[in-house]
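First up is the structure itself, then whatever we jot down about it.
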Amino acid sequence: MHQQIINGIEAGEFHLVYQPQMFADGSRMAAVEALVRWNHPTRGPLGPADFTDVAERSGAIVELGAFVLKQACLDALNWPGIGVAVNISAIQLHDPHFAEVVEATIRDTGLPFNRIELEIVESALIENFNVAIASIDHLRALGVKIALDDFGTGFSSLTYLRKLPLDKLKIDKSFVDGAGMIQSAAIIQAVVALARALGMKVTAEGVETEEQQRFLRACGCHYLQGYLFSKPVCARAITEKLSTPRRVA
């Protein structure tokens, strides 16, 4: 599978789609999240769940991550004023040269560093915090922002909060889905309060209803992401949405 992924990147089988991240009032787009897709020659369209685990185990995640970051930066050049979020793997953070590679990639595209946000999946296993922290410090010094994705679904939530220098938390869809229930609502309120106390921004994922939007906004979430505003779409569609921001849907 490693070689299939490498061949697929070279053959142009991989492409990116983007999901808007809106300001909490829903009035305009703050950023987009880059999501990779694979048009497999025999299996057809594949989402990340179909190949990222294999890419991590085989080591192809390095090449795949480099492709995603570069393409996201190039696409973002057409969207002045908004950020672009790119997911990174714990395996990438294990590489002591990771920050240097990211810096070179962003610099080569000409995108300002402060428009890139790297999202670390909360369930990822970071084995060497010293290496990870050194990379994160290097990138944050350039202006790159660091987010902890899917907060609350993994095994190291508070450890990561304590050890990693972060700019943002992303509340997982599973909590947003249950926002009408007392337990989930209490967790969301606590997470937002914790993040704000630590000086972090908060994005809630998986927002699908206006009721969820009103609740999350009242809780103090800074940004919202989900099908209420837009499904993941191609780069050209993001350009069109930015030209008519009030029609994002």
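A few remarks follow.
- Three-way shape label, segment 158-249, alpha-carbon gyration tensor, a/c 1.5: oblate
- Under 5 Å, built H, 5+ apart or other chain: amide partners of Gly152: none
- Centre-to-centre separation between the Cα atoms of segment 134-203 and those of segment 28-48: 24 Å.
- A Förster distance of 22 Å, applied to the separation of the beta-carbon atoms of Ile182 and Arg214, puts the FRET efficiency at 0.80.
- Flagged links, alpha-carbon separation over 20 Å, of Lys70/Lys231; Lys70/Lys173; Lys70/Lys145: Lys70/Lys231; Lys70/Lys173
- Cβ-defined net charge surrounding Ile133, 12 Å radius [Lys, Arg +1; Asp, Glu -1]: +2
- Taking only Cα atoms of the chain, radius of gyration then Dmax in Å: 17.5, 50
- For peptides 234-243, 54-63, 15-24, sequence by mean Cβ density within 10 Å, most packed first: 15-24, 54-63, 234-243
- Per-residue packing, averaged as other Cβ atoms within 10 Å, sorts the ranges 217-227, 190-200 into the order 217-227, 190-200, beginning with the highest.
- Take 167-177, 111-121 and order them by the average number of nearby Cβ atoms within 10 Å per residue, most first; the result is 167-177, 111-121.
- Of all DSSP beta bridges confined to the chain, the antiparallel ones make up roughly 40%.
- Shape class of segment 131-202 from the Cα gyration tensor (axes a ≥ b ≥ c, square roots of the eigenvalues): prolate, since a/c reaches 1.5 or more and a/b is larger than b/c.
- Value at 222 nm in deg cm²/dmol, rounded to 500, when DSSP H runs of n ≥ 4 in the chain each add -39,500 (n - 2.57): -13000 deg cm²/dmol
- Among residues other than Val176 with Cβ under 9 Å from its Cβ, the summed charge is -3 (Lys and Arg +1, Asp and Glu -1).
- Anisotropy class of segment 69-213 from Cα gyration tensor, a/c 1.5 cut: oblate
- Cβ-based exposure ranking for Ile182, Ile126, in which fewest neighbours within 10 Å come first: Ile182, Ile126
Rule-based calculations on the coordinates, nothing more; no lab input. The structure displayed is predicted, hence computed values, not measured ones. When we count neighbours, we look across all protein chains shown, and the Cβ atoms used for this are built from the backbone with ideal geometry, even at glycine.
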